[in-house]
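Below: the structure, in structure tokens.
All of the numbers you see were taken from the coordinates with simple rules; none came from a lab. From a predicted model like this one, the values you see are computed outputs, not experimental measurements. Every residue, glycine among them, receives a Cβ derived from its backbone with ideal geometry; neighbour counts consider all protein chains shown.
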Amino acid sequence: MDLSKMTTGDKLFIGGGIVLFIASFFPWLGVDLNVKGLGNFSESASAWSFTLLWLAVIIGTIGTVIAILKIAGVDLPDMGGSAGTRQLIVGATALVLVVIKTVVGVSGLPDGFSTIRGIGLWIGLLACIVMTAGGFSSMKEEKAGGSSTPPMA
């Protein structure tokens, strides 16, 4: 793989995707219960325990793998559109899913329980922002003719 073919947008997108995948194993969301006289009890889970979050991780990981394969020169089937546009769509989709879960938290909790937002959620959110910025940058680089990576179309 010739790393000189990677644009700044590609580096951001792929880096964000790798960080998102690694962060998916950290604690993302949890619940907290404070019982008077007994103390505070809490439990948290990784991104793989919540549908929207594992969808975001899978989408981001597939997009990252496709970007790496294309830079490595693997001949992939025509997927339509430019690489930058697809990276932007993948990053933005993962970002929207993570933002929704960040706002909603753990749904359906009874009274007395509260949502805990763990370090994995914040790292994952930042990784999705970086992926989206990388996709936007790749798209702009392609339009300006500055991309050394051929379009995936």
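Laid out as a table, the results:
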| read-out | value |
| --- | --- |
| Relative packing of peptides 52-63, 103-114 - highest average C-beta neighbours within 10 Å first | 52-63, 103-114 |
| Reach of Lys70 by Cα under 26 Å, taken over lysines that are not fewer than 8 positions away in the same chain | Lys5, Lys11, Lys140, Lys143 |
| Solvent-free Debye scattering, log10 I(q)/I(0), computed from the Cα coordinates of the range 1-100 at q = 0.11, 0.13, 0.23 Å⁻¹ | -0.43, -0.54, -1.17 |
